[in-house]
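Just so you know, all these numbers are worked out from the coordinates, no wet-lab data involved. In this text, all values refer to a predicted model and were calculated from it rather than measured experimentally. Don't worry about glycine lacking a Cβ; one is built from the backbone with ideal geometry, like all the others, and counts go over all protein chains shown.
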Amino acid sequence: MNATILRSSFAAFAGAAMVLFGACDRVGAADAEESSLEVSIPWQGKREIVYTGYPAHFDVTLTNTSGQPVKIWDGAAGYGALYFELTDEHGETRTVVREPLAETGSRPDFARMLGPHEQWVIQIDYPTTKWLGFPHPHTGDPETFTMQAVFESKPNEVSKRFGVWIGRVVSKGEKYVFRNS
């Protein structure tokens with residue numbers, strides 16, 4: 001696959017691929033049964049996330065697997081679309097979500113257009129207060145979790161009206177070790 005890669009922070013509102021909703025054309029919305037998106041956590045080497053006291057990062061990739069453009073929410077409407085599910089060695093699952101947006105009045109809703117086979121690389125900063133629920137092993141033994149990235153856009157009238165992708169995609173679950181440096 002010869003995919004174009006867009007690197008950006010998940011909270012970024014700028015870029016040529018984003019469209020303000022008042023001026024967008026309809027591109028068919030997908031539903032969960034026929035998902036045109038794939039989410040993954042690309043990783044090279046040992047799957048270890050080290051808490052050093054300074055922000056590090058890992059990436060999540062959202063890929064349009066279809067031959068057609070796909071619109072996904074960005075901005076305020078897409079803020080919580082990406083989250084993580086971590087399952088510990090005892091089978092207990094926790095959800096890692098972004099901190100809630102501060103109420104500062106009306107925020108614009110944007111859509112990001114992913115072209116055919118295009119990728120959007122989302123940088124996840126760890127550890128920060130922007131994500132709630134990641135383990136922070138300050139002392140003691142490392143903690144091992146099976147981690148999956150989840151990208152979900154729930155149906156609503158605005159999504160349907162403007163042809164924004166609707167569905168839920170989950171990455172392959174892989175074991176990650178969270179440890180202190």
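Worth a mention:
- Subtracting the Cα-Cα distance of D125 and K175 from their residue separation scaled by 0.36 nm leaves 16.1 nm.
- By the Kirkwood approach, averaging reciprocal distances over each pair of separate Cα atoms, region 57-128 gets a hydrodynamic radius of 14.4 Å.
- Pairs from the table (K130/K154; K46/K154; K46/K160) lying more than 31 angstrom apart at Cα are K46/K154; K46/K160.
- Region 45-181: Cα Rg divided by the 2.2 N^0.38 Å rule of thumb: 1.16
- The local environment of P55, defined by Cβ-Cβ distances under 12 Å, has a net charge of 0 under the rule Lys, Arg +1 and Asp, Glu -1.
- Cut-off under 5 Å, modelled amide H: who pairs with W131 long-range: E99
- Distance between the pseudo-spin-label points of R47 and V158 (7 Å out from Cα toward the beta carbon): 3.5 nm.
- Net length available on complete extension from E99 to R168 is 22.8 nm, with 0.36 nm assigned per residue and the Cα-Cα distance removed.
- Protection proxy ranking, highest mean first, for peptides 146-154, 43-51: 146-154, 43-51, where packing is the per-residue count of other beta-carbon atoms within 10 Å, averaged.
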